[in-house]
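Data first, discussion second: the structure below is written as structure tokens.
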Amino acid sequence: MKIGFIGLGNMGLPMAENLSRAGHEVTGHDVAGVTSEQFATRASAEEAVRDAEVVITMLPGGEILRRVAGAIVPAMRESAVFLDCSTVDVESARAVADQARAAGLSALDAPVSGGIGGAKAGTLTFMVGGDAEGFERARPLFDVMGAKAVRCGQSGNGQAAKICNNMILGITMIGTCEAFALADRLGLDRQAMFDVVSTSSGYSWSMNAYCPAPGIGPESPADNDYKPGFSADLMLKDLRLAQKAAESAGADTPLGLAARDLYARFVEEEDGAGRDFSAMLPRFAGRQR
Ligand code: NAD
């Protein structure tokens, strides 16, 4: 397939390279002038998308996505697929999809989980909103870039699934870290705590698969001095998107709100910036009530 790829950052570049390696004809663009030995790039987004059957965007946020869509939608080939893989607010995802559909394009929002490692290995999970026909056309590309693609319904629902998942993740990580810090104060050994909780009703992905305590459970960023992994900064971004969505939809999410405020403090006022989101454990462990 002919693919235009806009946004060649930490995630976008390896995704585009995987598509090119799989035999697709990729033409890329990034404002920062990123280039690749694997595929051709163009100086403008409009040029990169002109002949593409599918255009993929992997951008920092909703405002930039809206701006880029404003520029490329009119330049795209008729009935092409606009496939946005960025994590953005639900409203921006729906606005861009409406704009694309009004121009006769097929539109999908398909945020990912799996991080930079998953992007490089081609094992991302895609959560996809938009029409079934567009989803089928994009499926061969999901198969190259990822291990799994789940269609979640109408436009914006991919973003909705992503922020709901990450709201649970932020909350359970905080809960797991709090519990370890409490166990420390009570003289309960961390390994014993893991052995009990990981096979009891307190288990979760945060505890069992990504344990925030160094040296315990499977290897995780805690074993690498909390180098991300999934950074606290990106968790904060997603928790903010969840609260924005909760406000506009009138949903009561008190723990999501508390998690957002805690990550905001950790990243913006303490030493959380650039650290893995599981570094909440040393934060709690080092504090006195
Ligand atoms: P990044 O900052 O490394 O990459 C974004 C790229 O977009 C940059 O190279 C930037 O130059 C480019 N860009 C910005 N404005 C542009 C424009 N107007 N035209 C063309 N290019 C433009 O970010 P990333 O880590 O690659 O993340 C991309 C998206 O994926 C974000 O929405 C992020 O939330 C999401 N995401 C990231 C991860 C992760 O672990 N990094 C995991 C899941 C989802």
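Values quoted throughout were computed directly from the atomic coordinates according to the rules given, and no laboratory measurement underlies them. Worth saying up front: this structure is predicted, and the values here are computed from it rather than measured. Cβ coordinates were reconstructed from backbone atoms using ideal geometry, including for glycine residues, and neighbour counts include every protein chain displayed.
Considering only C-alpha atoms, what is the centroid distance from segment 174-212 to segment 1-45, in Å?
42 Å
Helix-derived [θ] at 222 nm for the chain: sum -39500 (n - 2.57) over DSSP H runs of at least 4, divide by residue count, nearest 500?
Mean residue ellipticity at 222 nm (helix-derived): -15000 deg cm²/dmol.
Quick one: if you take sqrt(5λ) for each eigenvalue of the C-alpha gyration tensor of segment 1-97, what semi-axes come out, biggest first, whole angstrom?
Largest first, segment 1-97 gives 19, 15, 12 Å.
In whole Å and largest first, what semi-axes does the C-alpha gyration tensor of segment 88-226 yield when each eigenvalue is scaled by 5 and square-rooted?
The three semi-axes for segment 88-226 are 38, 16, 11 Å.
Exposure proxy check: F194, F5 ranked by fewest other beta carbons within 10 Å?
Listing F194, F5 from fewest to most nearby Cβ atoms yields F194, F5.
Which lysines have a Cα less than 25 Å from the Cα of K227, not counting those fewer than 8 places away in the same chain?
K120, K162, K237
Using every pair of alpha-carbon atoms in the chain, split the distances into 5 Å bins beginning at 0 and state the percent of pairs per bin, rounded to integers.
1, 6, 12, 15, 17, 15, 12, 9, 7, 4, 2, 1, 0, 0
For segment 137-199, what is the per residue volume of the convex hull drawn over the alpha-carbon atoms, in cubic angstrom?
Dividing the Cα hull volume of segment 137-199 by its residue count gives 114 Å³.
Two decimals is fine: what's Rg over Rh for segment 1-47, C-alpha atoms, Kirkwood radius as Rh?
Taking Rh as the inverse mean 1/r over Cα pairs, Rg/Rh reads 0.91.
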